[in-house]
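Trainee: Take a look at this one; I'll ask things after.
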Ligand code: CDV
C-alpha cells in the first residue's frame with residue numbers, strides 16, 4: 001500500500017495594510033474549500049498569512065536599544081493565542097472538511113504561559129493542523145533576515161530582526177498525515193542545515209511559507225535571480241534529503257512592494273511537480289507519494305552508510321579551528 005497524500009499549496013496574493021483578519025480568513029477559507037474539492041488532505045498557507053508583511057514599516061519609536069514607545073500598531077499584527085476567535089472558522093472548516101492546514105503568523109507569547117520562561121517573546125511562527133482541526137506541530141523561525149534598526153535609505157524596510165526573535169527551538173519533525181512532516185519559514189529555506197537537521201530525523205515533507213521581495217536592497221544584482229535562487233535552494237534541499245518540499249508564496253505587489261510568487265511542490269527527486277502560474281491567490285495541488293522518499297534515503301543519500309559527520313565538525317563546533325575535524 002502506498003502512502004500518498006494530496007497536498008495543496010495555497011499561494012496568496014497581496015494583503016493590504018487595512019485588510020481585516022476576517023477578510024483574510026475568508027480568502028483562506030476559499031482556498032481551503034478549493035483544496036477539499038481537489039481531494040487535498042493538507043493545504044499549505046504562506047508565512048505571515050493573516051496580515052500584510054508589516055516588517056516593511058518602522059512602527060515604533062525605539063532606537064538601537066530596541067522596540068519602545070507606542071507599540072499599539074505593531075502589536076496589532078501579532079496573534080496572542082492560536083486559535084483565536086477570528087481564525088477559529090478556519091479550524092472549524094478544516095475539521096468539517098477533514099482537510100488539515102499549515103499557517104504562518106506573527107506570535108506574541110503570553111508571559112504567564114506556564115510552559116514559557118516568564119517573559120514575552122515575538123516569533124515568526126507556523127503551525128501544522130491535522131484533519132480534526134487540532135494543532136499537531138508548531139515551528140518558530142530560526143533564521144531571521146533583514147535589519148534591526150530603521151534604515152531610511154531603503155525604499156522599504158525589512159525589520160524582521162527588530163520585530164522577531166531568533167527561535168532557540170530548532171527544527172522538529174512531526175508524525176502526521178501518515179508521514180513525517182517538518183516546517184521552515186522563508187529565509188530558512190536558503191540554508192542547507194534547515195533541511196539536513198530535519199532529514200536526519202527522517203522528514204518526508206517540509207512545508208515552507210515565504211515573503212520574498214524581488215528587490216534585495218543590500219545587493220540589487222541578486223534581484224533578477226530571485227526566482228532562480230528560490231527553486232535552487234528548495235530543489236536542492238528536497239533532493240539531498242530525499243524529502244518532498246512544499247514552498248508557498250505570498251506574492252504580487254503588496255503596498256507597493258513586489259514579491260516573488262513561484263509557489264512550488266517539489267519531489268524527493270528535486271523535480272518541480274506543480275507550480276503556480278499567477279502572482280495572486282491560487283491553489284496548486286499534487287499527489288505526493290511519501291514512500292518515494294525511501295528511494296533517495298536508502299540509496300544515494302543513505303545517511304548511515306555514506307555520511308561522514310566526523311569530517312563536518314566545523315559546521316557545528318561553536319569555536320572552530322579552521323581545518324580541524
Ligand atoms: N521573509 C523572508 O525571510 N524574506 C527573505 C528576504 C528578506 C531575503 C528571504 O529569504 O526570502
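The values are calculated or read from the model by the stated rules, or taken from the named source; none is laboratory data. Everything quoted here is computed from the prediction, not taken from an experiment. Methodologically, a virtual Cβ is constructed for each residue, glycine included, from the backbone with ideal geometry; neighbour enumeration extends over all protein chains shown.
Trainee: Within segment 181-191, restricting attention to residues that are touching a helix residue (DSSP H, G or I) at 6+ places or on another chain (Cβ under 8 Å) and assigned to a strand (DSSP E or B), which residue is farthest from residue 250 (Cα to Cα)?
Mentor: Looking at the filtered set, the residue picked out is 182.
Trainee: Filter segment 166-178 down to the residues that are surrounded by 14 or more Cβ atoms within 10 Å (Cβ to Cβ) and more than 14 Å from the ligand (Cβ to nearest atom), then identify the one that is nearest to residue 58 (Cα to Cα).
Mentor: Here the answer is 171.
Trainee: Of the conditions (1) surrounded by 15 or more Cβ atoms within 10 Å (Cβ to Cβ); (2) closer than 28 Å to residue 257 by Cβ; (3) more than 15 Å from the chain's Cα centre (by Cα); (4) away from the ligand (no atom under 16 Å from the Cβ), residue 101 satisfies every one except a single condition; which number is it?
Mentor: (3)
Trainee: Let me ask something additional. Can you confirm whether segment 143-160 contains a residue that is more than 14 Å from the ligand (Cβ to nearest atom), in contact with a strand residue (DSSP E or B) (Cβ under 9 Å, 6 or more places away or on another chain) and within 22 Å of residue 95 (Cβ to Cβ)?
Mentor: no
Trainee: Looking at 14, 55, which is the one that is at pLDDT 95 or above, assigned to a loop (DSSP other than H, G, I, E, B) and within 16 Å of the ligand (Cβ to nearest atom)?
Mentor: One residue alone meets the criteria, 14.
Trainee: Looking at the structure I just gave you, is residue 28 in a helix (DSSP H, G or I) and away from the ligand (no atom under 16 Å from the Cβ)?
Mentor: yes
Trainee: Would you be able to tell me the number of residues in segment 192-241 that are in a helix (DSSP H, G or I) and more than 10 Å from the ligand (Cβ to nearest atom)?
Mentor: 25
Trainee: With more than 24 Å from residue 55 (Cα to Cα) and under 17 Å from the mean Cα position of the chain (by Cα) as the only criterion, which of 274, 238, 286, 249 stands out?
Mentor: The conditions single out 238.
Trainee: Within segment 61-75, is even one residue in contact (Cβ under 8 Å) with a residue 40 or more places away in the chain, in a loop (DSSP other than H, G, I, E, B) and buried (at least 19 other Cβ atoms within 10 Å of the Cβ)?
Mentor: no
Trainee: Among the candidates 247, 252, single out the residue that is more than 13 Å from the ligand (Cβ to nearest atom) and crowded, with 18+ Cβ neighbours inside 10 Å.
Mentor: Sole residue among the options that is more than 13 Å from the ligand (Cβ to nearest atom) and crowded, with 18+ Cβ neighbours inside 10 Å: 252.
Trainee: Tell me whether segment 41-48 contains one or more residues that are in contact (Cβ under 8 Å) with a residue 40 or more places away in the chain, over 21 Å from residue 164 (Cα atoms) and in a loop (DSSP other than H, G, I, E, B).
Mentor: Scanning segment 41-48, I find at least one residue that is in contact (Cβ under 8 Å) with a residue 40 or more places away in the chain, over 21 Å from residue 164 (Cα atoms) and in a loop (DSSP other than H, G, I, E, B), so the answer is yes.
Trainee: Something else about it: Just give me the residues in segment 130-142 being away from the ligand (no atom under 13 Å from the Cβ), in contact (Cβ under 8 Å) with a residue 12 or more places away in the chain and out of contact with any strand residue (DSSP E or B) (no Cβ under 6 Å at 6 or more places or on another chain), in sequence order.
Mentor: 132, 133
Trainee: For segment 121-145, give me each residue that is assigned to a loop (DSSP other than H, G, I, E, B) and either modelled with pLDDT under 95 or surrounded by 19 or more Cβ atoms within 10 Å (Cβ to Cβ) (or both).
Mentor: Those that are assigned to a loop (DSSP other than H, G, I, E, B) and either modelled with pLDDT under 95 or surrounded by 19 or more Cβ atoms within 10 Å (Cβ to Cβ) (or both): 130, 133, 141, 142, 144.
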